[in-house]
Amino acid sequence: MLSLAESLAAIIVVALTGYVLLGGADFGGGIWDLLASGPRKTRQRDLIAHAIGPVWEANHVWLILAIVLLFTCFPRAFARMAIALHIPLTLMLFGIVLRGSAFVFRSYGGGGGRVFAIASLVTPVLLGMCVGAVASGAIGAAAGVQGEGFYALYVAPWLTPFVFAVGLFALTCFAFLAAVYLTVEAPDAELQEDFRQRAILSGVWVLMMAALGLALAPHGNLVEPRMVALTGAAALAGFWALWRRRYRLARVAAAAQVTLILWGWGVAQFPYMLPPDLPIELAAAPRATLRLALIAVIAGAVVLFPSLYYLFKVFKAQSSAPPTTPPHPPR
């Protein structure tokens, strides 16, 4: 049975999962906005805007929850991460802000489409690099470095081939999720086929980047074999569903695949908050703080989940049929 500290660490992983499945798909939509092509390029971008538009701001609640729980319940881990990763974390924050601002300007005809797309491309890489730095054990190693200079303390932990590979892996996962989700959102068979092809292609890239990350891994305990088997089964189910054009099943399989990837990392890293030297129990705040945080999470969930359900039900229903681009008037 999980301890109180381990339960809160698990909640952080669940919050990150929510952000990846929802916010990550929004970033993936920006990637496909940048790569829109063909005779239906404008319609592809219209579909992406209408899929993201109603709910993209709400998806950040999952990232906020994870960060608040991290610095409240595990201050030692938060301090190490905030110091060693302050450069990519700051750049990621800039990317989130620029992307949101550009999307608003873009939606109201004020430009910003290129900024929105580029921020959607760069920010997932930075997020994946932060995760890769933690998984590699570089954050724990950097904490013990004394007098080695700025580069060794603040750059070397996150600027390695493995960490960069994890960043690209996150990017391909987000693109894959977005393409699969958009096959369900598409109002006609032509757009569905466009994003079906993109989903299959990005799914192949996910597998390739996963293999590259494992090949560059600094140690062998980054994955848990049972979770790898489950992830493989979900990937096969997703490819089969896309091949047979069963898009709702493909959406479930894609979400399961990415969830299992994230949870597999958490299981492999357990019981460490920051490997190789900071276990969850040692990183945790006093027990009284943990109890109050858990009570706050439970009370907040009572309000949060019905509110999010109502938000998605109302606004996604209203935007389920994106307007088509009006034909040019006759000359």
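The values are calculated or read from the model by the stated rules, or taken from the named source; none is laboratory data. Every value quoted in this text rests on a predicted model; they were computed, and no experiment measured them. A quick note on method: Cβ atoms are made from the backbone with ideal geometry, for glycine too, and the neighbour counts reach across all protein chains shown. Ligands, DNA and RNA are excluded from the accessible area calculation, which covers all protein heavy atoms including side chains. Shrake-Rupley method; radii C 1.70, N 1.55, O 1.52, S 1.80 Å.
State yes or no: is Gly109 among the small types (Gly, Ala, Ser), modelled with pLDDT under 85 and part of a helix (DSSP H, G or I)?
No, not satisfied.
Check Ile48, Ile52, Ile96 and return the single one that is open to solvent by less than 10 Å² (accessible area, probe 1.4 Å), touching a helix residue (DSSP H, G or I) at 6+ places or on another chain (Cβ under 7 Å) and without any contact (Cβ under 8 Å) to a residue 60 or more places away in the chain.
Unique residue meeting the criteria: Ile52.
Table: residues versus (1) in a loop (DSSP other than H, G, I, E, B); (2) of a type in the set (A, V, I, L, M, F, W, C).
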position: Arg196; (1), (2): no, no
position: Ala210; (1), (2): no, yes
position: Ala229; (1), (2): no, yes
position: Leu242; (1), (2): no, yes
position: Arg245; (1), (2): yes, no
position: Ile261; (1), (2): no, yes
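Looking at Ala152, Ala117, can you tell me which residue is part of a helix (DSSP H, G or I) and either at pLDDT 90 or above or more than 27 Å from Asp33 (Cβ to Cβ) (or both)?
Just one listed residue meets the conditions, Ala152.
Does any residue of region 306-319 turn out to be at pLDDT below 90, open to solvent by less than 30 Å² (accessible area, probe 1.4 Å) and either within 19 Å of the chain's Cα centre (by Cα) or not β-branched (Val, Ile, Thr) (or both)?
yes
Yes/no per residue for (1) at pLDDT 95 or above; (2) open to solvent by 30 Å² or more (accessible area, probe 1.4 Å); (3) farther than 23 Å from Tyr19 by Cβ:
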position	(1), (2), (3)
Glu185	no, yes, no
Leu216	no, yes, yes
Leu222	no, no, no
Leu230	no, yes, no
Leu249	yes, yes, yes
Val267	no, yes, no
Asp277	no, yes, yes
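Using beta carbons and a limit of 9 Å, which pairs, at least six apart or on different chains, have the first residue in region 279-298 and free of Cβ contacts under 8 Å to residues at least 40 places away in the same chain and under 26 Å from Ala135 (Cβ atoms) and the second one open to solvent by less than 50 Å² (accessible area, probe 1.4 Å) and outside any helix (DSSP H, G or I)?
Qualifying pairs under 9 Å: Pro279/Met273.
Ile261 fails exactly one of the following numbered conditions: (1) crowded, with 16+ Cβ neighbours inside 10 Å; (2) modelled with pLDDT under 95; (3) more than 19 Å from the chain's Cα centre (by Cα); (4) of a type in the set (A, V, I, L, M). What is the number of that condition?
For Ile261, the failing item is (3).
Any residue in region 289-298 that is under 26 Å from Ala15 (Cβ atoms) and of a type in the set (Gly, Ala, Ser)?
Checked region 289-298: at least one residue is under 26 Å from Ala15 (Cβ atoms) and of a type in the set (Gly, Ala, Ser).
Quick one: Gly238 ticks every box in (1) farther than 18 Å from Val134 by Cα; (2) assigned to a loop (DSSP other than H, G, I, E, B); (3) out of contact with any Pro (no Cβ under 8 Å at 6 or more places or on another chain) except a single one, so which number is it?
(2)
Please find, among Arg80, Arg106, Arg43, Arg76, the residue that is buried (at least 19 other Cβ atoms within 10 Å of the Cβ), under 26 Å from Leu8 (Cβ atoms) and touching a residue at least 24 places away in the same chain (Cβ under 8 Å).
Arg80
If you go through region 189-202 one residue at a time, do you hit one that is buried (at least 20 other Cβ atoms within 10 Å of the Cβ) and under 18 Å from Ile261 (Cα atoms)?
Checked region 189-202: at least one residue is buried (at least 20 other Cβ atoms within 10 Å of the Cβ) and under 18 Å from Ile261 (Cα atoms).
So that you can scan it fast, the table gives a plain yes or no per residue for (1) closer than 21 Å to Pro161 by Cβ; (2) touching a Phe, Trp or Tyr at 6+ places or on another chain (Cβ under 8 Å):
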site: Gln197; (1), (2): no, no
site: Gly203; (1), (2): no, yes
site: Leu216; (1), (2): yes, yes
site: Met227; (1), (2): no, yes
site: Arg244; (1), (2): no, no
site: Tyr247; (1), (2): no, no
site: Ala255; (1), (2): no, no
site: Pro279; (1), (2): no, yes
site: Ala284; (1), (2): no, yes
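Filter region 55-73 down to the residues that are open to solvent by 40 Å² or more (accessible area, probe 1.4 Å) and either more than 28 Å from Glu185 (Cα to Cα) or outside any helix (DSSP H, G or I) (or both) and list them by number.
Passing the criteria: Glu57, Ile67, Val68, Phe71, Thr72.
Name every residue in region 14-37 that is surrounded by fewer than 19 Cβ atoms within 10 Å (Cβ to Cβ) and either in contact with a Gly (Cβ under 7 Å, 6 or more places away or on another chain) or under 13 Å from Ser120 (Cα atoms) (or both), in order of residue number.
Leu34, Leu35
For the condition on the phi < 0 side of the Ramachandran plot, surrounded by 16 or more Cβ atoms within 10 Å (Cβ to Cβ) and at pLDDT 90 or above, what is the one hit in Ala288, Ala255?
On inspection, the qualifying residue turns out to be Ala255.
For region 157-177, give me each residue that is free of Cβ contacts under 8 Å to residues at least 60 places away in the same chain, more than 16 Å from the chain's Cα centre (by Cα) and open to solvent by less than 40 Å² (accessible area, probe 1.4 Å).
Phe162
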